[in-house]
Amino acid sequence: MANSSNTLAYVRNEEAPLLPPPPSMAGVQGWILANLFPSVGQGIVSIVAGAILLWVGWGILDWAIFSAVWTGENREACVGEGAGACWPFAQSRFAQWIYGFYPIDQRWRVNICFILGAAALVPMLMPSMPYKKWNAIFLLLVYPLITLILLTGGNFSISAAGFLNAFVILALFAVFLPLMAFGIEEGIHYNRIGLGLAGLGVLAWFASFAIGSSDWYTSWGNFAPGAVAAAIFIGAGGALGIAQLRGSGAGAAVLRSWLIGAGILLGLMLILKIDFGLQTVETSQWGGLLVTLVVAVTGIVASLPLGILLALGRRSKMPIVKTFSVMFIELWRGVPLITVLFMASVMLPLFLPEGVNFDKLLRALIGVALFSSAYMAEVIRGGLQAIPRGQYEAAQALGLPYWRVMSLIVLPQALKIVIPGIVNSFISLFKDTSLVSIIGLFDLLKIAQTTSNDAKWASPQTAPTAYFTAALIFWIFCFGMSRYSIFMERQLETGHRR
Amino acid sequence: MAAPAKAKTPQVSDTPAIQITNMNKWFGQFHVLRDINLTVYKGERIVICGPSGSGKSTLIRCINRLEEHQKGDIYVDGIALTSDLKKIDEVRREVGMVFQHFNLFPHLTVLENLTLAPIWVRKMPKKDAEAAAMKYLERVKIPEQALKYPGQLSGGQQQRVAIARSLCMNPKIMLFDEPTSALDPEMIKEVLEVMVDLAESGMTMLCVTHEMGFARQVANRVIFMDMGQIVEQNAPEEFFSNPKSERTKLFLSQILH
């Protein structure tokens, strides 16, 4: 057979046998030979790198386990010569690293939030579990509400002004409903009177600011005239908008979404007003892993949808949408997170009307969410650019409207491509939460640092133990995210699955 | 100016399906389509050929508004194509399109590719959409691939899925943009067979293709384009045996050996 290529005419008469691969490709020995010692130079590199790994690994193991102090009541146990990690200190302070200064007898509320979150998140992350839709609704709508009430204690004082605010916002949406149902031009034509009234309302609102009564209203029955006028005009505009929706399928669909939205908003406000008899815990008492998780999870959950919208906006053909998105992204990306947090904590109150004061943690949450959504937008834009134009065209040629093209065809593919980038952002956001310590919030790292200054446990190993534990907790979360992203990438791979 | 229909193939009606009058299009400074006038009657099967860059793909992409024209009028099934998004969506629902590179959705199975538009655009119940999709997959002779992903199919199979995907929307008009140009010779035949079958069922078709055998077999009109203009059009026998313009003669001498 060997001479076959030398002759001009050749016909194969028997099949070439299927042979096993050569020994260098199989078995442990083969693997070591092929990967660690393929040549003298690489063999030396393997030996040196292996030695360094062993040395560092042994050092950590020795410090954390073999030479570590495991029992003791105070610093006496940990000051000995050659002592490793001071675990009794970590044990005595561990609860504080998790809960911060949350009242000890109320910690069960935090525990419920942790357990409920984990119990809802795990089935959500497992592709084989059923009821994904209800699971998602619980995680995104019900769970945040439960957490908010449990952690703060609920019983928010939502004034009449708050309800007036909600009414005006809903009415403003209602004014624009015909535009969503019938397209912009026809919608404007149908609800031109409503739009005019709403415009007057907004003017009245601005006028009331200009005249000087900057607060809308002060208490029940004592509303500023501008606010009342705004509510009446915008309310009338909204009513006219809703009236235009009658007798059309598209109108009914839009009206239904609006009613659901209105129901959820008003329901939320009413539920938050209820007194469940829980003791109020100020956010200044929160701390440790609790604060880290609240900031990180809020940032992650908010940054993904906001990032998607900003990325789509940046690629939009509408100049106003595009300019706004570009400006938003570049503004937030151009500023360090620390600056954002300082601005949120120190400067924002200067711009707000007197008396309006919202929570420091809430301000940090908003800052972190907007900051990370700008980064997320750029990651997602990278994915959008990787989708060939043919995919958009095929979807459009089938008659799918813009949002369907995006949500059914483009985004599923684009997001899959950028899973590594998205998770990279999540991980970096998770770790950046430790910067909130700069505005006086006690996150995990800050509280670990603070507790290690305790005179009762003062020893050379106290601070390293605290930092090591904090690092370990951070690492567990980040490594989990990383592994899950790799798992998801494999799950979503369709091209080569046979 | 409807060309005479062939005996074997379905009759062409005299109601226009597409009317293009004095249409012009530019890409920036480049005048890519010049003074296009074309009326396509219901049931007509038109083959458009011409050298690359002659504007033939751009022309059919204007018909479902994947490209925007700047001057002149296009009426599809009586609907004027303007910047009105609703009208555009209406036209796209009635016009199916098959692309050179198939453009199947790689993250969806074959069956999901087929049922997507009927479910989301036509608001068809999922069961009905799936039944219809299986019917069309049988028509293009690959029902057994329904649950696979496009990446697992050969090029010819992918293009047949793409044809079935368009048919699932029950279009009145089908546009083909060089459907066999990206295929191996062995696969061209299976795709052409499906297209011939479709032509014989009476579908109004516009095909940009260089498959002259296909043009002879099913077209009632062949259009030759060059430099953004319609240079010549005629019934296929006349077009191939007796081309009038010098440019057409040159083109035909290069592709027919």
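May I ask you to say which residue of A:GLY196, A:GLY187, A:GLY183, A:GLY162 is on the phi > 0 side of the Ramachandran plot and more than 22 Å from the chain's Cα centre (by Cα)? Outline the logic, then answer.
On the way: A:GLY196 fails: on the phi > 0 side of the Ramachandran plot; A:GLY187 fails: on the phi > 0 side of the Ramachandran plot; A:GLY162 fails: on the phi > 0 side of the Ramachandran plot.
Answer to the check: A:GLY183.
Assess whether A:ILE380 counts as being buried (at least 19 other Cβ atoms within 10 Å of the Cβ) and facing chain B (nearest Cβ under 10 Å). Talk me through it step by step, then tell me what you get.
Values: buried (at least 19 other Cβ atoms within 10 Å of the Cβ): yes; facing chain B (nearest Cβ under 10 Å): no.
No, not satisfied.
Okay, residues lined up against (1) farther than 27 Å from A:VAL301 by Cβ; (2) among the small types (Gly, Ala, Ser); (3) in contact with a helix residue (DSSP H, G or I) (Cβ under 8 Å, 6 or more places away or on another chain):
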| site | (1), (2), (3) |
| --- | --- |
| A:GLU76 | yes, no, no |
| A:GLY84 | yes, yes, yes |
| A:GLN91 | yes, no, no |
| A:TYR102 | no, no, yes |
| A:CYS113 | no, no, yes |
| A:ALA160 | yes, yes, no |
| A:ALA166 | no, yes, yes |
| A:PRO178 | yes, no, yes |
| A:ILE184 | yes, no, no |
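Pull up the stretch B:195-222, narrow it to residues that are assigned to a helix (DSSP H, G or I) and among the β-branched types (Val, Ile, Thr), then point me to the one that is farthest from B:ILE18 (Cα to Cα). Spell out the reasoning first.
Going residue by residue through the stretch B:195-222, those that are assigned to a helix (DSSP H, G or I) are B:195-200, B:212-218.
If we keep only those that are among the β-branched types (Val, Ile, Thr) too, we end up with B:196, B:218.
On the way: B:VAL196: 21, B:VAL218: 19 Å.
It comes out as B:VAL196.
Pairs please, first residue from the stretch B:234-257 and touching a residue at least 40 places away in the same chain (Cβ under 8 Å), second anywhere and of a type in the set (Lys, Arg) and part of a strand (DSSP E or B), Cβ atoms under 7 Å, 6+ apart in sequence or on different chains.
B:ALA235/B:ARG221
Considering only helices (runs of 4 or more DSSP H) fully contained in the stretch A:391-481, which possess at least 1 residues that are away from chain B (no Cβ under 14 Å) and surrounded by 21 or more Cβ atoms within 10 Å (Cβ to Cβ)?
Values: elements: A:411-417, A:419-432, A:444-451.
Because the criterion is at least 1 residues that are away from chain B (no Cβ under 14 Å) and surrounded by 21 or more Cβ atoms within 10 Å (Cβ to Cβ), the helices (runs of 4 or more DSSP H) in the stretch A:391-481 that meet it are A:419-432, A:444-451.
Can A:TRP332 be described as closer than 18 Å to A:LEU150 by Cβ and either in contact with a helix residue (DSSP H, G or I) (Cβ under 9 Å, 6 or more places away or on another chain) or of a type in the set (Lys, Arg) (or both)? Spell out the reasoning first.
Values: closer than 18 Å to A:LEU150 by Cβ: no; either in contact with a helix residue (DSSP H, G or I) (Cβ under 9 Å, 6 or more places away or on another chain) or of a type in the set (Lys, Arg) (or both): yes.
Judged against the criteria, A:TRP332 is not a match.
Hey, can you tell me all the residues within the stretch B:87-99 that are more than 8 Å from chain A (Cβ to nearest Cβ) and at pLDDT 95 or above?
Selection gives B:VAL98 alone.
One line per residue, one yes/no per condition, for (1) more than 16 Å from the chain's Cα centre (by Cα); (2) hydrophobic (A, V, I, L, M, F, W, C); (3) within 29 Å of B:GLY78 (Cβ to Cβ); (4) at pLDDT 90 or above:
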| position | (1), (2), (3), (4) |
| --- | --- |
| B:TYR136 | yes, no, yes, yes |
| B:GLY151 | yes, no, no, yes |
| B:SER181 | no, no, no, yes |
| B:MET203 | no, yes, yes, yes |
| B:THR209 | no, no, yes, yes |
| B:GLY228 | yes, no, yes, yes |
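B:ALA129 versus (1) closer than 18 Å to B:ALA164 by Cβ; (2) under 21 Å from the mean Cα position of the chain (by Cα): which is the lone unmet condition?
Result: B:ALA129 fails condition (2) only.
Say whether the condition of being surrounded by fewer than 22 Cβ atoms within 10 Å (Cβ to Cβ), free of Cβ contacts under 8 Å to residues at least 12 places away in the same chain, farther than 14 Å from B:CYS49 by Cβ and of a type in the set (D, E, K, R) is met by at least one residue in the stretch B:191-201.
Taking every residue of the stretch B:191-201 in turn, at least one turns out to be surrounded by fewer than 22 Cβ atoms within 10 Å (Cβ to Cβ), free of Cβ contacts under 8 Å to residues at least 12 places away in the same chain, farther than 14 Å from B:CYS49 by Cβ and of a type in the set (D, E, K, R).
So how many residues does the stretch B:122-141 have that are in contact (Cβ under 8 Å) with a residue 24 or more places away in the chain and in contact with a helix residue (DSSP H, G or I) (Cβ under 6 Å, 6 or more places away or on another chain)? Give the derivation first.
Initial filter on the stretch B:122-141 (in contact (Cβ under 8 Å) with a residue 24 or more places away in the chain): B:122, B:129, B:132-133, B:136-137, B:139-141.
Subsequent filtering for residues that are in contact with a helix residue (DSSP H, G or I) (Cβ under 6 Å, 6 or more places away or on another chain) retains B:129, B:133, B:136-137, B:140.
Total meeting the criteria: 5.
Of all residues being in contact with a Gly (Cβ under 8 Å, 6 or more places away or on another chain) and not hydrophobic (A, V, I, L, M, F, W, C) in the stretch B:177-188, which is farthest from B:GLY50 (Cα to Cα)? Just the residue, please. Spell out the reasoning first.
Within the stretch B:177-188, the subset in contact with a Gly (Cβ under 8 Å, 6 or more places away or on another chain) is B:182-184, B:186-188.
Subset that is not hydrophobic (A, V, I, L, M, F, W, C): B:184, B:186.
Values: B:ASP184: 21, B:GLU186: 24 Å.
Out of the qualifying residues, it is B:GLU186.
Only one of (1) over 16 Å from A:ILE439 (Cα atoms); (2) at pLDDT below 95 fails for A:ILE338. Which number is that?
(1)
The values are calculated or read from the model by the stated rules, or taken from the named source; none is laboratory data. Please read these numbers as outputs of a predicted model, since none were measured by experiment. Quick reminder, even Gly has a Cβ in these numbers, built from the backbone with ideal geometry, and neighbours come from all protein chains shown.
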